[in-house]
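Below is one structure, written out as structure tokens, with a few remarks after it.
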Amino acid sequence: MPQRPYIVGNWKMHGTRAMLSEARTIDRAAQRHMKVEVAIAPPYTLIHPVHREAEQIAVGAQDCHDQESGAYTGDISAAMIADAGGKFVILGHSERRDAHSEKDAKICAKADAALDAGLRIILCCGESEAVRDAGRAISHVKKQLNASLPDNIENAAERLTVAYEPIWAIGTGKTAGLDDIAEMHAEIRKLLVDRFGDETGPDIRILYGGSVKPENAGEILGLPEVGGALVGGASLTADSFMGIAMAAGDAVEA
């Protein structure tokens, strides 16, 4: 059975306790739009405060370490995220892959650690503009995702979400063409069916992430195989973020 659209806000390195008012507003709005599952990933420092405030939305983290504990100065384990009230973790975001030189094997290890800690995972994949211009976008993304996925995920339809994020469209105002988004999501779906079978593969949600805004959310979220959105800058205010969530709800009803 298909799951509800999943709208996830990635606050990145934004937010102090003053942002709790936005989280409260998002939570109240989410209670009125139950056809959509809403979640936010604030900075580590706000996971527990948002968790305490939220009644409807899930709260998660933007990354985790692949070890449960140890001499890893400045890092946060999946168990710590769960202890703070986090329910999921975003892994393999292009900004982590680029700025922190994270490779597929490292991301796969982090995914295993997160699953072992009882967290859900949102696994990101995407191509650069140079890769797309070279005509290798689909092969690149499928290879990247295949290498980042853990071998065994129990209840994968509930615990795994994939987020396709064309790197050249993140924070740039550019958005991939609708045909390109539909084509990539269809190819990712084929990979998930190959990995998890005909019973589970079709039910794993695939999000689109790349300058999603209330103005373009409806047409993107109405595409086949687009099961939600991973939202960056537009998730920092309740008005814009819930505008995207409402567009997702409208797409379900259409």
Greater than 19 Å separation of Cα atoms is the criterion. Which listed pairs, K103/K213; K87/K143; K103/K143, meet it? K103/K213; K87/K143
Per the 1.4 Å probe, what fraction of the accessible area of the range 184-239, in percent, lies on carbon and sulfur atoms? 48 percent
Select one label from (1) 65, 49, 28; (2) 60, 40, 34; (3) 44, 44, 36: the one whose number is Cα extents along the principal axes in Å as derived from the coordinates shown. (3)
In a Gaussian network model over the chain where Cα atoms closer than 10 Å are linked, find which of E154, E53, E68 has the largest mean-square fluctuation. E154
Extended-chain gain in nm, criterion 0.36 nm per residue less alpha-carbon gap, T25 and A186: 54.5 nm
GNM flexibility winner over the chain from L119, L230, L178 (Cα, springs under 10 Å): L178
Of G209, G74, G173, which has the largest mean-square fluctuation in a 10 Å C-alpha GNM of the chain? G74
Of the listed pairs K106/K174; K110/K190; K12/K110; K106/K142, which have alpha-carbon separations greater than 27 Å here? K106/K174
Considering only protein heavy atoms, what per residue accessible area in square angstrom results for the chain with a 1.4 angstrom probe? 46 Å²
Per-residue HN-Hα couplings for the range 20-36, Karplus 6.51 cos²θ - 1.76 cosθ + 1.60 at θ = phi - 60°, whole Hz, x for Gly and Pro? 4, 5, 5, 4, 5, 5, 4, 4, 5, 5, 4, 5, 8, 10, 6, 6, 10
Under Karplus coefficients 6.51, -1.76 and 1.60, residue-wise ³J(HN,Hα) of the range 47-61 in Hz, glycine/proline x: 4, 5, x, 5, 4, 5, 7, 7, 10, 10, 7, 8, 10, x, 10
Can you work out the Karplus-derived ³J(HN,Hα) for every residue in the range 69-77? Use 6.51 cos²θ - 1.76 cosθ + 1.60 with θ = phi - 60°, whole Hz, and x for glycine or proline. 6, x, 7, 10, 4, x, 9, 10, 8
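The values are calculated or read from the model by the stated rules, or taken from the named source; none is laboratory data. Model, not experiment: these values are computed from the prediction. Quick note on the areas: whole protein, heavy atoms, side chains included, nothing else; ligands and nucleic acids left out. Shrake-Rupley method; radii C 1.70, N 1.55, O 1.52, S 1.80 Å.
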